[in-house]
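Colleague: Got a structure for you, written out below as structure tokens; questions coming shortly.
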Amino acid sequence: MGKYFSIDEMIESTTATSKNINNNPNEEQKKHLNELIEVLDMVREGWAELCEKNKWGTASIRVNSGFRSEALNKAV
């Protein structure tokens with residue numbers, strides 16, 4: 001789990017839920033998701049600095065689709 005992002009956030013899918021599709025990553029995929037989370041946390045930190053410096057308000061980044069299982073990818 002990162003500072004701003006989590007694997008749960010990366011795998012969340014309304015389509016998977018509504019179609020009862022398993023969207024859980026295997027161990028190797030979790031490893032890569034954690035690497036992605038590390039990068040996203042760095043991006044979020046940089047974005048927060050820019051927002052503060054330029055008085056743009058609260059910095060946020062929303063992940064829409066961080067991971068899709070093969071079954072979910074076929075469904076969408």
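The values are calculated or read from the model by the stated rules, or taken from the named source; none is laboratory data. Quick caveat, the model's predicted, so the values are computed rather than measured. Here the Cβ is made from the backbone with ideal geometry for all residues, glycine too, and neighbour counts use every protein chain on show. Protein only, heavy atoms only, side chains kept; ligands, DNA and RNA dropped before computing areas. Shrake-Rupley method; radii C 1.70, N 1.55, O 1.52, S 1.80 Å.
Colleague: Rounded to the nearest 20 Debye, what is the dipole magnitude of the chain about its Cα centre when Lys and Arg each give +1 and Asp and Glu each give -1 at the C-beta?
Modeller: 300 debye
Colleague: Something else about it: Have a look at GLY46, PHE67, ASN20 and report the one farthest towards the positive end of the charge dipole of the chain, computed about the Cα centre with Cβ charges (Lys/Arg +1, Asp/Glu -1).
Modeller: Towards the positive end, the residue furthest out is ASN20.
Colleague: Let me ask you something else. Restricting to Cα pairs below 8 Å that are 6+ residues apart, what does the relative contact order work out to for the chain? Please round to a whole percent.
Modeller: Answer for the chain is 45 percent.
Colleague: Please tell me which of these pairs span more than 30 angstrom C-alpha to C-alpha: LYS3/LYS53; LYS31/LYS74; LYS30/LYS53?
Modeller: LYS30/LYS53
Colleague: Could you provide, to the nearest whole Å², the per residue accessible area of the chain with probe 1.4 Å?
Modeller: With all protein chains present, the chain gives 76 Å² per residue.
Colleague: As an exercise, use a Förster radius of 30 Å and the Cβ-Cβ distance of LYS55 and LYS3 to find the FRET efficiency, rounded to the nearest 0.05.
Modeller: Taking R0 as 30 Å, the efficiency between LYS55 and LYS3 is 0.85.
Colleague: Pairing the Cα long axis of helix 27-54 with the longest principal axis of the chain, what angle in degrees results, from 0 to 90 and rounded to the nearest 10?
Modeller: Result, in degrees: 30.
Colleague: May I ask you to give the percent of accessible area on the chain that is carbon plus sulfur, with a probe radius of 1.4 Å?
Modeller: 48 percent
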